[in-house]
1. Those residues that are without any contact (Cβ under 8 Å) to a residue 40 or more places away in the chain and over 18 Å from the mean Cα position of the chain (by Cα), I need them from segment B:75-116; list them, please.
2. Look through segment B:148-167, keep the residues that are at pLDDT 95 or above and among the aliphatic types (A, V, I, L, M), and return whichever of them is farthest from A:Arg40 (Cα to Cα).
3. Mind checking which strands (runs of 3 or more DSSP E) fall wholly inside segment A:34-73 and carry at least 2 residues that are more than 9 Å from every other protein chain (Cβ to nearest Cβ) and under 18 Å from A:Ile95 (Cβ atoms)?
4. Quick check on this structure: which one of A:Thr29, A:Thr38 is of a type in the set (Val, Ile, Thr), at pLDDT 90 or above and surrounded by 22 or more Cβ atoms within 10 Å (Cβ to Cβ)?
5. With the requirement that a residue be surrounded by fewer than 20 Cβ atoms within 10 Å (Cβ to Cβ) and modelled with pLDDT of 85 or more, what does segment A:104-122 give you?
6. A:Gly82 versus (1) at pLDDT 85 or above; (2) under 11 Å from the mean Cα position of the chain (by Cα): which is the lone unmet condition?
7. Cβ-Cβ distance below 8 Å, separation of 6 or more or different chains: which pairs start in segment B:145-161 with a residue that is over 13 Å from B:Leu127 (Cα atoms) and end on one that is at pLDDT below 95?
8. Scan (1) at pLDDT 85 or above; (2) surrounded by fewer than 23 Cβ atoms within 10 Å (Cβ to Cβ); (3) under 23 Å from B:Ser138 (Cβ atoms) for the single condition A:Glu18 breaks and write down its number.
Amino acid sequence: MPCVGLGVFLRRIVLPPEKLSSVWGEPHTGGYLGKYSTYRWHNTEQAARLVYDNVGTYSRLGLREIFGSQIMRSNQYKGSGGYAPFATLLGLLTIPAGWYALNGRMGAWFSRDNVWQGILVL
Amino acid sequence: MGSTASMVTRFPVRLALGLALCIALAGCGGSGTGGRGGGGGDGELLDHRAMLREYAERVEEFPFPLPEGYAFPKPEALPTPAVPTLYQKGNGVVRADTAWMCAWLNEWLEAWGAGDSGRAQEALRWLEKLPETEFIASYSDLQSFRAFEAAVLERARLGDPEPVRGMLGSCRDIIELMKRG
């Protein structure tokens with residue numbers, strides 16, 4: 001069933017429901033890199049990430065392959081977050097097919113909001 | 001201080017739009033995953049040593065065999081991260097399960113290259129059991145497995161090695177460790 005009218009953030013991207021996952025996290029407030037455990041399969045197309053609620057400082061999120069180091073540039077989200085496409089280290093927006101999980105960290109901040117939440121388009 | 005990943009249980013007002021969006025997506029055919037979602041926290045974060053313990057426990061009682069000539073690497077043989085890293089619970093389990101998947105994908109490719117259809121078919125039969133692993137059952141989902149099956153396994157069944165080759169790019173290091181034993 002097609003999804004329409006999901007809000008301003010998603011208006012400009014294609015929304016096949018099977019490509020969307022709601023994602024969230026509470027990174028370590030000390031700023032450590034966190035490796036999340038959940039994987040999704042991605043066919044060779046553009047991958048994108050939307051953060052619509054952000055941590056109190058900034059968050060940096062990137063995709064990693066199984067056993068691979070992170071092969072995508074991290075996206076940094078400030079303020080309330082936003083939409084940003086993932087790109088390879090070479091700057092290409094076409095992400096190779098594979099299993100991907102998220103790496104994430106936040107700017108260290110020991111007393112405030114460390115929750116981020118969003119929709120992963122993969 | 002140093003709070004760790006856990007399920008998001010608080011919903012401040014500025015999450016209202018996000019929550020509404022999630023509900024809308026969930027009503028559109030299973031897009032919202034709930035539970036662990038695609039990325040986020042449930043439970044404590046593990047340091048590297050604790051992640052390796054998780055891996056070792058999974059390997060110890062792994063439910064399926066590896067191809068001949070492969071062995072799970074000892075935990076201490078796995079690479080250490082270059083920067084201080086914390087792991088969401090399950091990372092060690094997923095490492096063991098995906099190492100197993102990598103081994104059978106490589107076995108398929110080698111058997112295909114050698115023209116050994118019996119060995120190749122056996123490799124595919126084991127790979128079809130992926131939904132029974134914790135990797136798919138707890139840390140991914142059947143929808144992702146079906147997409148992987150269509151993109152990689154189905155093509156292998158038809159005799160096309162390219163998707164398996166592509167997939168093995170991220171398995172190269174672990175396969176080398178597994179063949180060393």
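The values are calculated or read from the model by the stated rules, or taken from the named source; none is laboratory data. What you are looking at is a predicted structure, and each value in this text was computed from that prediction instead of being measured. Reconstructed Cβ throughout: ideal geometry from the backbone, glycine too, with neighbour counts over all protein chains shown.
1. Selection gives B:Glu76, B:Thr80, B:Pro81, B:Ala82, B:Val83, B:Pro84, B:Thr85, B:Glu110, B:Ala111, B:Ala114, B:Gly115, B:Asp116.
2. Looking at residues that are at pLDDT 95 or above and among the aliphatic types (A, V, I, L, M), I get B:Leu158.
3. It comes to A:48-53, A:58-65.
4. Exactly one residue qualifies, and that residue is A:Thr38.
5. Of everything in segment A:104-122, those that are surrounded by fewer than 20 Cβ atoms within 10 Å (Cβ to Cβ) and modelled with pLDDT of 85 or more turn out to be A:Gly107, A:Ala108.
6. Here A:Gly82 clears every test but (1).
7. Qualifying pairs under 8 Å: B:Ala147/A:Glu18; B:Ala147/A:Trp41; B:Ala147/A:Asn43; B:Ala151/A:Trp41; B:Ala151/A:Asn43; B:Ala151/A:Ala97.
8. Against the list (1) at pLDDT 85 or above; (2) surrounded by fewer than 23 Cβ atoms within 10 Å (Cβ to Cβ); (3) under 23 Å from B:Ser138 (Cβ atoms), A:Glu18 comes up short only on (1).
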